[in-house]
1. Would you please list the contacts, defined by Cβ atoms under 7 Å and residues six or more apart or on different chains, that run from a residue in the stretch 65-94 that is at positive phi to a residue that is among the hydrophobic types (A, V, I, L, M, F, W, C) and outside any strand (DSSP E or B)?
2. Pairs please, first residue from the stretch 124-153 and touching a residue at least 40 places away in the same chain (Cβ under 8 Å), second anywhere and assigned to a helix (DSSP H, G or I) and of a type outside the set (F, W, Y), Cβ atoms under 7 Å, 6+ apart in sequence or on different chains.
3. Looking at the structure I just gave you, is S367 in contact (Cβ under 8 Å) with a residue 60 or more places away in the chain and either outside the structural domain of T194 (by TED's automatic domain parsing) or farther than 18 Å from C143 by Cβ (or both)?
4. Name the one entry in T215, T243 that is over 26 Å from F31 (Cα atoms), assigned by TED's automatic domain parsing to the domain that holds N33 and of a type in the set (S, T, Y).
5. Within the stretch 37-59, work out how many residues are hydrophobic (A, V, I, L, M, F, W, C) and assigned to a loop (DSSP other than H, G, I, E, B).
6. Residues in the stretch 1-25 that are of a type in the set (A, V, I, L, M, F, W, C), over 19 Å from L258 (Cβ atoms) and at pLDDT 80 or above: how many?
7. Among the listed residues P62, P70, identify the single one that is part of a loop (DSSP other than H, G, I, E, B), under 22 Å from S245 (Cα atoms) and touching a His at 6+ places or on another chain (Cβ under 6 Å).
Amino acid sequence: MADDTSQPHAKMGFYTRLSHAGRAGTNVRGFVNPAVHRGSTMLYAKMADRVAAASERLEQKPHYGTGGGPTHWPLENVIAEIEGGTRCQIVSTGLAAVTVPLQAYLKAGDHVLMPDSVYGPARNFCDNFLSRFGVQTTYYNPCITAAEIEPLFQPNTTVLYTESPGSHTFEVQDIPALAAVAHAKGAKVLMDNTWGIHFFQPFRHGVDVSIQALTKYVVGHSDVLLGSITVNSNEDWARVRGTASVLGQYASPDDCWLALRGVRTMAVRLDRQMASALEVARWLAARHEIAQVLHPALPGAPGHAIWKRDFTGACSLFGIVFKPGITQPQVHAMADALQLFGKGASWGGYESLALPTSGFITRTANSGDFGGQMMRLHIGLEDPTDLIADLAQGLDVLRATKP
């Protein structure tokens, strides 16, 4: 972590910590933002220095470009600050943030439990990569209880993977209860916390390793791919950092600098987007074409009770389920008619997105029947009244389209 005495402490507000963490400090002469440091080869004055550096690869000290540098380390410190962890490893993409810790804790002959709602590329990694190395995956219903998941553990289960809420269907998992079972069985708990960002503090709820796609809200401008892996113990840090090093995982310092710039405004963006998303979600919940709004922060939505217990806020990504009888061509016609919503698979940027999801997600543990066609919405920084008007005309097109 940063050693500057002007760094914010944990009792300061979140806005203050985002503004000051990972910076040189207000009493240090120089530019406000850290500079971009690019480099591969590190030179040493003496061989003794080179030998010493080789033993410090787990620390934020220069030894070679792939170990990061003065642009990477402030970002790692900020993300650790956001998630309440001690150390963070920045990697090249959100998917890399998923695959590195899975490889860190799994070996040939091991077993991993994955939620059926897991991010599609993570499922693909388990089915088509880990399986080649003798790692068995069992997919479980994400809404499973502690009593129900316990029999799914095998003697060789080393990882319980969680994603809460699910990034397409927004199931909120009872992380503390599931983590308690996993730890009793000797398994590590990994969590994709991209939706929760800082609203869910993973290490207070039993998570060992927290994963985020910084591509989303941290960067905030839909122009950088980046991921983070945060831990809260020296043991986990050595495992994650060592695996990332072996795999040659590295992130561009230019991308890290852009993420640092994005994180300074993340809190205010999140506040605006959370409020707008709830306004849009409430409007959709009253529409006769909609059977259900899958927004955990919306009273009455699935998972709301757990969300209210464990989260302090919500991001701007949620789903809707159309009433039975509405067909996929009708939903696609609505998506095509939207003027302010782009059709894209990412989220967390300043722009709104709409993505029909029925037919594009895989479920194998009998957890995928929602009773109707589905669409995922990301609410950006546009005026919510304009977004609602756009959705209204899109629903007009849906109704006018033949089933």
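1. G84/F203
2. Qualifying pairs under 7 Å: Y140/I149; Y140/L152.
3. Values: in contact (Cβ under 8 Å) with a residue 60 or more places away in the chain: yes; either outside the structural domain of T194 (by TED's automatic domain parsing) or farther than 18 Å from C143 by Cβ (or both): yes.
Yes: the conditions hold for S367.
4. Numbers: T215 fails: over 26 Å from F31 (Cα atoms).
The conditions single out T243.
5. Taking the stretch 37-59 and keeping what is hydrophobic (A, V, I, L, M, F, W, C), we get 42-43, 45, 47-48, 51-54, 58.
Narrowing the set further to residues that are assigned to a loop (DSSP other than H, G, I, E, B) leaves 42-43, 45, 58.
Qualifying residue count for the region: 4.
6. Applying the first criterion (of a type in the set (A, V, I, L, M, F, W, C)) to the stretch 1-25 yields 1-2, 10, 12, 14, 18, 21, 24.
With over 19 Å from L258 (Cβ atoms) added as a condition, the list becomes 1-2, 10, 12, 14.
With the extra rule that they be at pLDDT 80 or above, the set shrinks to 12, 14.
Count: 2.
7. Values: P62 fails: touching a His at 6+ places or on another chain (Cβ under 6 Å).
Checking each option against the conditions leaves just P70.
Quick grid of which residues meet (1) of a type in the set (A, V, I, L, M); (2) assigned by TED's automatic domain parsing to the domain that holds G248; (3) touching a helix residue (DSSP H, G or I) at 6+ places or on another chain (Cβ under 6 Å):
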{"position": "T41", "(1), (2), (3)": "no, yes, no"}
{"position": "K46", "(1), (2), (3)": "no, yes, no"}
{"position": "A52", "(1), (2), (3)": "yes, yes, no"}
{"position": "T66", "(1), (2), (3)": "no, yes, no"}
{"position": "R87", "(1), (2), (3)": "no, yes, yes"}
{"position": "V91", "(1), (2), (3)": "yes, yes, yes"}
{"position": "H111", "(1), (2), (3)": "no, yes, no"}
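The values are calculated or read from the model by the stated rules, or taken from the named source; none is laboratory data. Not measured: the values here are computed from a predicted model. Counting neighbours? That spans all protein chains shown, and the Cβs are built from the backbone with ideal geometry, glycine included.
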